[in-house]
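The values are calculated or read from the model by the stated rules, or taken from the named source; none is laboratory data. The shown structure was predicted, so the numbers you read here are calculated from the model rather than taken from an experiment. Cβ: placed from backbone, ideal geometry, glycine included. Neighbour counts: every protein chain shown. Ligands, DNA and RNA are excluded from the accessible area calculation, which covers all protein heavy atoms including side chains. Shrake-Rupley method; radii C 1.70, N 1.55, O 1.52, S 1.80 Å.
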Amino acid sequence: MTNELDIFVGNTTLIDEDVYRLWLDGYSVSDAVARRVRSGILEQTGATAAVLQSDTMDHYRTFHMLERLLHAPPKLLHQLIFQIPPSRQALLIERYYAFDEAFVREVLGKKLSKGTKKDLDDISTKTGITLKSCRRQFDNFKRVFKVVEEMRGSLVDNIQQHFLLSDRLSRDYAAIVFFANNRFETGKKKLQYLSFGDFAFCAELMIQNWTLGAVDSQVDDMDVDLDKEFLQDLKELKVLVADKDLLDLHKSLVCTALRGKLSVFSEMEANFKPPASGAEDRTPRIPAPQNLSRGLVNVAAKLIHNKDVRDLFVDLIEKFVEPCRSDHWPLNDVRLFLNQYSASVHSLDGFRHQTLWDRYMGTLRGCLLRLYHD
Amino acid sequence: MPGKLKVKIVAGRHLPVMDRASDLTDAFVEVKFGNTTFKTDVYLKSLNPQWNSEWFKFEVDDEDLQDEPLQITVLDHDTYSANDAIGKVYIDIDPLLYSEAATVISGWFPIYDTIHGIRGEINVIVKVDLFNDLNRFRQSSCGVKFFCTTSIPKCYRAVIIHGFVEELVVNEDPEYQWIDRIRTPRASNEARQRLISLMSGELQRKIGLKVLEMRGNAVVGYLQCFDLEGESGLVVRAIGTACTLDKLSSPAAFLPACNSPSKEMKESPLVHPPSLGCRSTQNSPIHTATGSRLTQNFSVSVPTLIYTGMGSGSAGKEGGPFKALLRQQTQSALEQREFPFFTLTAFPPGFLVHVGGVVSARSVKLLDRIHNPDEPETRDAWWAEIRQEIKSHAKALGCHAVVGYSESTSICEEVCILSASGTAAVLNPRFLQDGTVEGCLEQRLEENLPVGCGFCHIPYDELNMPFPAHLTYCYNCRKQKVPDVLFTTIDLPTDAAVVGKGCLIQARLCRLKKKAQAEANATAISNLLPFMEYEVHTQLMNKLKLKGMNALFGLRIQITVGENMLMGLASATGVYLAALPTPGGIQIAGKTPNDGSYEQHISHMQKKINDTIAKNKELYEINPPEISEEVIGSPIPEPRQRSRLLRSQSESSDEVIELDLSHGKKDAFVLEIDDTDAMEDVHSLLTDVPPPSGFYSCNTEIMPGINNWTSEIQMFTSVRVIRLSSLNLTNQALNKNFNDLCENLLKSLYFKLRSMIPCCLCHVNFTVSLPEDELIQVTVTAVAITFDKNQALQTIKTHVEKSLQRASTDNEELLQFPLELCSDSLPPHPFPPAKEHLESASSNSGIPAAQRATSVDYSSFADRCSSWIELIKLKAQTIRRGSIKTTVTVEKASPVAEGNFRNRSAPPCANSTVGVVKMTPLSFIPGAKITKYLGIINMFFIRETTSLREEGGVSGFLHAFIAEVFAMVRAHVAALGGNAVVSYIMKQCVFMENPNKNQAQCLINVSGDAVVFVRESDLEVISTQQPTANCQPLCTGGEVTT
């Protein structure tokens, strides 16, 4: 006796959250059944394995049918075939578009192309996430990217409107889209300690301040592409390190303000500009011309090149985070320093790019503080 | 002439991509009614076209309006080749034809294609302007309301219940026409869908005409079925109960002519004299009477006692003569009807006087080609025979009417089993005489209420029982005789006193049969039938005992015929009626008592059975109050002695008494194990697993013993098909497979719905079919309803509710419907057409008659019965289970007033979600009030695929199809302005597959009543006039109108 056909259809579509999770995680029916058995559900309910099998199959079938609709979530709301309460619809969508931290870290900043898709095998092996789940997550990224890529208006709003995601998840997707579009490098070894949350935080700041949308809300791609003009202008900041007087003035302003407030004052002072007094550089790991101010300004000046945009995070880590970290700056000192460092530029009489500086440094300060951890 | 149909095509959305190149579609719409077709413009390159068409106007006869569906076809325009069809929508405009229902149909309809399923949606507005036509000879019956609900619909009052209406129409099945060989599957499916839609429209119109003839205005309990007879044609038949209904809100109803002559009745409260009935065929197990002293009695309950007092007074004096008079009147009123049948299963209090028991008849027919669709006499005659038989069975039980009546068929190749069943009953003569006096009615109900146990009392003469039945005095009123077990096809009367909770009881049975052709096949089947009925009945009885219960409600026995087997599936809801005696236990007796190990085995089994009974009693809270000796008093001993005289106690049953003390009663039921089969039977008894805790199940409208429903409901359909291994199939293996199939299915349901605990599966409806040699298909539709565990314990309710009932008369008004049977208002021959048919059928010498002669006609049950009864007698000697007559099962129940159901005061429920359309097989929605009936939903769909694997195999295919059917039902309801379907039923789900060809086909037929409901919690807030207006937004809200 075999079950040739076995279905259950409710007027209200039954959604079992646990099974949905297993399905999203890409387990086959038999794996899912095995996992459910291990969860002790049989003992709780007195059901048999056959019942569990049939139930799992049913849910999988339903999810399979729903998947088409989940690709365009507004369709799920308007379709008539499955009667699902709104709260459940939201749950279905939210979970479907949720992603694994481990996965997103692998893909973040990569081009969402067929090539990357081919690498999913390796990612799956590396992260222990099933290939099926990897594909789903990758396809989600790509789908969202395609839809909002060339859209006008706020990136987060567009995502929210077209995919009906929660605010949190929409912001995450905005970060993913932003990273994918600008191809920021996130996979280098020295960036491994950063979480997706760190990048997402930076992405949000950059979207708010560095994109076209920051100045004009009526442009295509406004939240996705960086403001080229702005990047171009950033070169002007070079004067802060090129002009020796300006640099010294800047340094003294910062040092005066921070004296006694910083536990790592001497290191700060030493690192602020190229070691004119030479010997103080006790950190051999940091290359000679490396100092904090120059580093930050140089990063700005280079951003006009696409390649340097991609390496933004690598540069930030190398030029700022690592030196500070090697001197054991406490986070609070970093904050005090950056605040003072950005603010004191306003007192530099010879410096004409105050607005540009604020647009750059305001964002960078936020990013650096977020990136500065172990 | 009188009607103008107006249609506007507004927009489409989610259309499929029809042009691969552009990934878009150039869609336009054809609107067709009758022979007229209109077209919209082509809306280029869009998947969400906005046609916003003009109003297309069709001027049509109202006859056509009733018969024809509105047909909307969405197509993709193609300049160079033929336009491709995207899909269709059929809209039944019947609901627009009577004033109280919907006024406009407007909403999004799924565009359906029989090959691809749902492909997008279309927004349509439909209106009808109807001109009144007073032509007496008109062929239309616009304005007659149809209800699937098998009780008086909630917002109506029955002025008169006229009685049975039936009709059938036949046609050739397009699938079997020659043209089918050359047309596409899509064309063939569409031809079929359209034909069936037409036929059901015609059928409804014809039934409507009959109703008008009877001066009714509605059909309640309308049941329409399709018989796919294959080569020999397509039959659409329907039965229902004609009524004159009156909307409750309207203060003064129009009173039909018949209401006057009922004055004497007032003085004579109805009593139930022991002399009412005559005799009954009854399958009662053998009992010893001595035990009943120990059995519990329910008469302790206060209300019952009061009523008993009143009842006895009247009974003593004028009761006798009056009764006879009333009876005469009732009978004369009913005898004018050709068939005094009622498809209703629930009745207003006082309507049902006595219940005799289940009556059923089956007949095996050989199908022949329907040669002339306009003369469906053959089928008419077949059904007429069966109905006649039912009528005579009812008479034999001393009853003049049959309630809870239904008909069904099972077809395999050219053999067809026709079945009809119902519950023989005595109806209240007052209702027959008394047209309308509402004021009096209430009084009467009061008077009448005392007899809460009345319906259990036997309608037949105890001295004249043709079959041995064990009678005792009613445990409730102690005045009248009741049987020990009662089987019925109706719902539990609202005022019946019940102890504990009820439960679903099923008997399942398979019998192998040799493959045979034509007559030989029919003969083989009809020879098997009595055995099957007997065994089904025995199983039911055993399982009932095992549950410690004494009555079955909602009994439905389905016999399905296949190529090489017959299946029997009986479902019912077991209940402990307080008026009936406590059932005895089950006693096993071995055949070879000297064998030690064998005896050990037997005693082991016995212990298991005893344990199960004890467990069940606990589970279902069956603990009737013990009767004190004084209460028992005099009446009891007498019947006991008599039964001793009538029936000699066998030794074994005496032993039982000794052994069975644990149950506190001596009338145990003896199962003698004389062979392995019997052993299997006993084993199978014990394999039924009770539902997990927190779950209850029943197949009636409401679960006896639960009345605190909360608002969450989940209707579902589950289908399973198993393939039997064809190797050495035996009856036993088959039985086991079938039993496992049903049990596993139930287990799956319990598991799936576990999040709703505590909940009850109501109206559990199993359907078995045998699509192929080795396939068994079981389809279940039911609704799970949550209830509040912490509310009102059963025992408390019994008392509280009485007062509640009294107090809240207006509440009751809605649920308690005065029904009247009015003989005066009826033409002498309510069914002239039927009679003519009968006559012509018999006199007609044409082809049908000849064929009938050749076909084996087994419908006359009497012939079968004699041999059959002998057979039972034989068996009874060995098995000692008492005798049963297959066709006629007689039982009674006891009425103790306890109106649990009506007062189930659902707590304020969660706010309804916008746009949700609820579906339920029940006639009500817990925690809500139905404010409007919008019309009947009756839909037929065919779905076919030639890419079965790609659609997820058979399961994927059917899963999607059923989901689509639900969606289309919901969309139609929403477009009518409704927010629920009640009395929903999936009447047919015919599934055929051919995996080798990667093909499958499925036909589904569903029906129900579209309604508007308002949450009781909302009602409290809103003033009484608003609800109707208020619910419109509720229903349409979900529609995203663009």
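Descriptive notes on the structure:
- Summed residue charge, Cβ within 11 Å of B:Leu223's Cβ, Lys/Arg positive, Asp/Glu negative: 0
- Charge sum, other residues only, whose C-beta stays under 12 Å from B:Arg949's C-beta, Lys/Arg counted +1 and Asp/Glu -1: -2
- Based on protein heavy atoms only, segment B:714-759 ends up with 33 Å² per residue of surface accessible to a 1.4 Å probe.
- Its Cα centre serving as origin, chain A has a Cβ charge dipole (Lys and Arg +1, Asp and Glu -1) of approximately 560 debye.
- Computed over neighbours whose Cβ is under 11 Å from that of B:Asn765, the net charge equals +2, Lys and Arg +1, Asp and Glu -1.
- Positions from segment B:947-974 whose accessible area shrinks by 10 Å² or more when the full protein complex is built, not the chain alone, probe 1.4 Å: B:Val954, B:Ser955, B:Gly956, B:Leu958, B:His959, B:Ala960, B:Ile962, B:Ala963, B:Glu964, B:Phe966, B:Ala967, B:Arg970
- Accessible surface of segment A:91-180 [probe 1.4 Å, protein heavy atoms]: carbon and sulfur percent: 49 percent
- A Cβ-based charge dipole, computed about the Cα centre of segment A:62-171 with Lys and Arg at +1 and Asp and Glu at -1, lands at about 240 debye.
- Nearest-ten-degree value, helix A:354-371 long axis tilted from longest Cα axis of chain A: 60 degrees
- Each residue of segment B:158-168 was assigned a 3J(HN,Hα) from its phi angle through the Karplus curve 6.51 cos²θ - 1.76 cosθ + 1.60 (θ = phi - 60°); the sequence is 8, 7, 9, 9, 7, x, 6, 10, 8, 6, 9 Hz, with glycine and proline shown as x.
- For chain A, built as a Gaussian network whose Cα springs stay under 10 Å, the top-fluctuating residue of A:Thr211, A:Thr116, A:Thr363: A:Thr116
- Overall form of segment A:146-205 per C-alpha gyration tensor (a/c, 1.5; a/b vs b/c): prolate
- Segment A:291-374: C-alpha gyration tensor shape, a/c 1.5 cut-off, then a/b vs b/c: oblate
- Entries of B:Lys365/B:Lys514; B:Lys145/B:Lys918; B:Lys752/B:Lys997; A:Lys235/A:Lys307; A:Lys75/B:Lys932 with Cα pairs more than 24 Å apart: B:Lys752/B:Lys997; A:Lys75/B:Lys932
- Selection from A:Asn3, A:Ser39, A:Leu131, by position along the positive dipole direction of segment A:1-138 (Cβ): A:Leu131
- Three-way shape label, chain A, alpha-carbon gyration tensor, a/c 1.5: prolate
- Computed over chain A: relative contact order in percent, which uses C-alpha pairs under 8 Å that are six or more apart: 15 percent
- Descending by average beta-carbon neighbour count within 10 Å, the peptides A:299-308, A:130-139 line up as A:130-139, A:299-308, the highest first.
- Angle between chain A longest axis and helix A:167-182 axis [Cα atoms, degrees, rounded to 10]: 60 degrees
- Using alpha-carbon coordinates, inclination of helix A:196-210 to the longest axis of chain A, degrees: 60 degrees
- For B:Leu486, nonlocal amide neighbours, meaning residues 5 or more places apart or on other chains whose placed amide H falls under 5 Å from its own, are B:Ala551, B:Leu552, B:Lys892.
- Chain B contacts chain A over a buried accessible area of about 3700 Å², both sides summed; the probe is 1.4 Å and only protein chains count.
- For chain A, built as a Gaussian network whose Cα springs stay under 10 Å, the top-fluctuating residue of A:Leu205, A:Leu234, A:Leu80: A:Leu80
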